[in-house]
Amino acid sequence: MDASQLADLHEPRPFPAVSIIMPTHRLLPGRREDQVRLKVLLDEARHRLRELELERGVADELMRNLEKAAEQVDFDHTAEAVVLLAAHGGEAHSFVLPRVSVRERVIIDDTFATRDLVAMLENTWKHWVLSLGKQTRLLGGDGQRISEVNNALFPMFYDEAVPVPDERGRPVPHEFHIGDERRMQFLRQIETNLTEVLKRDPRPLVVIGVQRHLSAFQEVVHNAVADAVIGTVEGNFDTATPAEVASAVEPVLEEEHRRAQQRALDELDGARSARRFAGGLEECWELAPLGRVAHLMVEESHFVPARIVDGRLQPDDGMEGEYVSDAVDDLVEAVLRGDGKVTFVPDGSLDEHGRVAAVLRY
């Protein structure tokens with residue numbers, strides 16, 4: 001999923017649009033329990049749709065779409081959560097969410113529940129992985145998917161048996177074939193090729209390899225390549241599969257995500273000094289539709305059922321007003337529609353601000 005697909009999912013649908021969000025397990029026996037739990041949630045959705053006063057056949061169509069989405073889930077390769085979305089016209093979507101903590105729920109509304117998808121997109125940005133060795137490989141990562149690049153630039157091969165000519169162009173005796181200059185030339189070519197890749201598609205870069213290769217690479221690289229590196233992993237990955245590489249770099253990506261969360265929280269301090277700060281759900285709710293929210297921060301597990309009364313957000317008292325299953329989800333969508341940014345931060349980070357805060361444009 002990319003930002004354009006997410007923007008499309010934010011758009012209102014003819015009522016009802018159904019969202020199923022469910023935590024999942026990466027390992028057995030939890031994965032078997034996930035399949036049973038998903039059937040329970042599908043039954044809940046079926047029951048709730050039949051309770052609504054819908055035109056004949058609508059509930060059955062939506063359930064067919066939900067079941068189609070459920071069939072797309074590979075329970076042998078799940079992560080922290082699964083999201084199923086279904087609406088009229090055969091619309092069915094399924095997403096596996098890594099590094100996202102979700103609350104189990106079934107939501108029926110005129111929009112899809114997308115806050116967890118926003119969190120996933122924020123947490124699983126695209127990245128490059130450079131595997132140093134005699135065969136130096138470049139792998140492209142997008143969420144949990146990672147694949148090797150195979151083009152004119154990568155992979156690159158280092159042949160230690162190729163002689164390095166001296167200053168007069170004569171071959172160096174064989175015992176000197178394996179030399180630092182040959183190795184440095186190879187590393188400089190890696191940097192040149194990487195620079196070209198980053199021009200075309202700038203992404204954070206993780207570098208992996210044995211320590212001597214990592215040290216030599218760090219001595220050579222500079223400018224755009226050095227700026228792109230977010231971490232390294234020591235080890236021999238010459239024969240590692242893409243899945244093994246993805247597992248090895250996961251801690252680096254998680255640490256970078258934590259740094260991004262902290263940078264967002266630090267941004268709030270500057271916003272307070274510049275009087276471009278808003279705190280609390282109600283205040284941010286009023287400002288978001290006006291396009292004033294540049295950067296919204298929300299605690300990861302903060303959910304707020306509410307009602308809208310006379311255009312203002314009120315606690316859900318079960319009485320009057322339009323019911324909102326999760327006001328935070330609606331707030332996130334409003335900020336994104338206004339070209340704002342959203343960052344989910346650890347629980348407890350925004351206690352003094354009611355668990356929601358924003359940097360304003362003005």
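The values are calculated or read from the model by the stated rules, or taken from the named source; none is laboratory data. In this text the structure is predicted, and so the values were computed from the model without any measurement. Methodologically, a virtual Cβ is constructed for each residue, glycine included, from the backbone with ideal geometry; neighbour enumeration extends over all protein chains shown. Protein only, heavy atoms only, side chains kept; ligands, DNA and RNA dropped before computing areas. Shrake-Rupley method; radii C 1.70, N 1.55, O 1.52, S 1.80 Å.
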Requested in this report: Could you sort 354-360, 72-78 so that the peptide with the highest average Cβ count within 10 Å comes first and the rest follow in order?
Outcome: 354-360, 72-78
Query raised in the report: residue 68: accessible area at probe 1.4 Å, nearest 10 Å²?
Result: 100
Query - Cut-off 13 Å between beta-carbons: net charge of the residues surrounding residue 339, Lys and Arg +1, Asp and Glu -1 - result: +3
**Report entry** Helical contribution to [θ] at 222 nm, DSSP H n ≥ 4, -39,500 (n - 2.57), averaged over the chain, rounded to 500
**Finding:** -12500 deg cm²/dmol
Query raised in the report: Cβ under 15 Å from residue 47's Cβ, residue 47 left aside: what net charge do those residues give with Lys, Arg +1 and Asp, Glu -1?
Result: -1
Report task. Name the residues whose placed amide hydrogens come within less than 5 Å of the amide hydrogen of residue 135, ignoring near sequence neighbours (fewer than 5 apart) on the same chain. Result -> 158
Query raised in the report: Name the GluC sites (Glu not before Pro) in the stretch 1-106 that are in a loop by DSSP and that have at most 15 other C-beta atoms within 10 Å, would you?
Result: 53, 55, 104
Report task. Please identify every one of the trypsin sites (Lys or Arg not before Pro) in the stretch 7-65 that sits in a loop by DSSP and has no more than 13 other beta carbons within 10 Å of its own beta carbon. Result -> 26, 56
Report task. Go through the stretch 36-48 residue by residue and turn each phi into a ³J(HN,Hα) via Karplus (6.51, -1.76, 1.60, θ = phi - 60°); whole Hz please, and just put x for glycine and proline. Result -> 5, 5, 5, 4, 5, 5, 5, 5, 4, 4, 4, 5, 5
Query raised in the report: Of the residues 349, 94, 215, which exhibits the maximal mean-square fluctuation in a Gaussian network model of the chain defined by a 10 Å Cα contact cut-off?
Result: 215
Query raised in the report: Whose amide H sits under 5 Å from the amide H of residue 295, counting only residues 5 or more places off or on another chain, with H placed in the peptide plane?
Result: 341, 359
Query raised in the report: Residue separation times 0.36 nm, minus the C-alpha to C-alpha distance between residue 56 and residue 196: what's the value?
Result: 44.7 nm
Requested in this report: Quick one: what are the phi-derived ³J(HN,Hα) couplings along the stretch 325-332, Karplus 6.51/-1.76/1.60 with θ = phi - 60°, whole Hz, x for glycine and proline?
Outcome: 5, 8, 5, 5, 4, 5, 5, 4
Requested in this report: Return the single residue from 243, 278, 113 with maximal mean-square fluctuation; model: Gaussian network over the chain, springs between Cα atoms under 10 Å.
Outcome: 243
Query raised in the report: At a Förster radius of 25 Å, what calculated FRET efficiency corresponds to the Cβ-Cβ distance of residue 215 and residue 241, to the nearest 0.05?
Result: 0.45
**Report entry** Residues of the chain: accessible area per residue with a 1.4 Å probe, Å²
**Finding:** 51
Requested in this report: Could you tell me what percent of the accessible area of the chain is made up of carbon and sulfur, with a 1.4 Å probe and every protein chain present?
Outcome: 49
Requested in this report: In whole Hz, with x marking every Gly and Pro, tabulate ³J(HN,Hα) for the stretch 129-138 from phi via Karplus 6.51 cos²θ - 1.76 cosθ + 1.60, θ = phi - 60°.
Outcome: 10, 9, 9, 7, x, 4, 10, 8, 10, 10
Report task. For the chain, with a Gaussian network of springs between Cα atoms less than 10 Å apart, report the residue from 149, 245, 332 with the top mean-square fluctuation. Result -> 149
Report summary line: Excluding residues fewer than 8 positions from residue 199 in its own chain, the lysines with Cα under 19 Å of it are 126
Query - For residue 360, net neighbour charge (Lys/Arg +1, Asp/Glu -1) across residues whose Cβ lies under 13 Å away - result: +3
Report summary line: Note to self: C-alpha centroids of the stretch 255-289 and the stretch 31-51 sit apart, in Å, by 37
Query raised in the report: How about the stretch 313-362: which GluC sites (Glu not before Pro) there lie in a loop by DSSP and see at most 11 other Cβ atoms within 10 Å?
Result: 320
